[in-house]
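Participant: This is the structure I have questions about; it appears just below.
Laboratory data are not the source of any read-out in this text; all were calculated from the coordinates shown. Nothing here was measured: the structure is a model prediction, and the numbers come from that model. Every residue, glycine among them, receives a Cβ derived from its backbone with ideal geometry; neighbour counts consider all protein chains shown.
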Amino acid sequence: MLYELRIYTIYEGRMDAIQDRFKEHTFRIFTRLGMKVVNFWIDATGQNKLYYVMEFKDMAQRQRLWEQFKKDIEWIQVKRNSEENGGLIVEKIDEYFMNQAEFFGLGN
């Protein structure tokens, strides 16, 4: 399995907008497209950051699914609507790719 850690830096004052977009739309679109979110976090220190991990079979699947997501008509409309009144939401996205360590879980 391939795991992708995504870290979103959110523009000041737009944290509610990103959380609403995920709750009301993005997670459902991910599910419809076969994209699996393993877990999701909000920064505990007050930074305007969201963190989440997605699981893919391999990098090819990851690339294919993200391309489908970016071209998805519903997603394009949701993004447009959520940015229409308050402006951009996501300032920066950092992506990290990981494989689970083979020794994890041994003796735990």
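Participant: What do you get for Rg/Rh over the chain if you use C-alpha atoms and the Kirkwood form of Rh?
Facilitator: Numbers: Rg = 15.1 Å, Rh = 15.1 Å.
Rg divided by Rh gives 1.00.
Participant: Let me ask something else about it. In nm, what is the difference between 0.36 nm times the number of residues separating E102 and I73 and their Cα-Cα distance? If you can, show how the numbers build up before the last one.
Facilitator: Working: separation 29, 0.36 × 29 = 10.44 nm, distance 3.91 nm.
So the chain would gain 6.5 nm between E102 and I73.
Participant: Among the chymotrypsin sites (Phe, Trp or Tyr not before Pro) in region 59-108, which ones are in a DSSP loop with at most 10 other Cβ atoms within 10 Å of the Cβ? Mind listing them?
Facilitator: On the way: sites: W66, F69, W75, Y96, F97, F103, F104; in loops: F103, F104.
Listed in order of number, the matching sites are F103, F104.
Participant: Report the trypsin sites (Lys or Arg not before Pro) located in region 1-107 that are in a DSSP loop and have at most 16 other Cβ atoms inside 10 Å of their Cβ, or state none.
Facilitator: Values: sites: R6, R14, R21, K23, R28, R32, K36, K49, K57, R62, R64, K70, K71, K79, R80, K92; in loops: R14, K57.
Counting only loop positions with at most 16 other Cβ atoms within 10 Å, the trypsin sites (Lys or Arg not before Pro) in region 1-107 are K57.
Participant: Within region 22-108, how many Lys pairs sit with Cα atoms under 19 Å apart, leaving out pairs fewer than 8 places apart on the same chain?
Facilitator: Pairs that pass both the separation and distance tests number 13.
Participant: Less than 11 Å Cβ to Cβ from Y51, Lys/Arg counted +1 and Asp/Glu -1: what total charge do the surrounding residues give? Numbers along the way, then the final one.
Facilitator: On the way: positive: R6, K49; negative: D43, D94.
In short, 0.
Participant: So what is the calculated 222 nm ellipticity per residue for the chain, using -39500 (n - 2.57) for each DSSP H run with n of 4 or more, over all residues, to the nearest 500 deg cm²/dmol? All intermediate terms of the calculation are to be shown ahead of the outcome.
Facilitator: Numbers: 4 runs with 39 residues, N = 108.
It lands at -10500 deg cm²/dmol.
Participant: Where in the chain lies the longest segment free of GluC sites (Glu not before Pro) that are both loop residues by DSSP (not H, G, I, E, B) and have at most 10 other Cβ atoms within 10 Å?
Facilitator: Details: sites that count: E12, E102.
No qualifying site falls inside 13-101, the longest such stretch.
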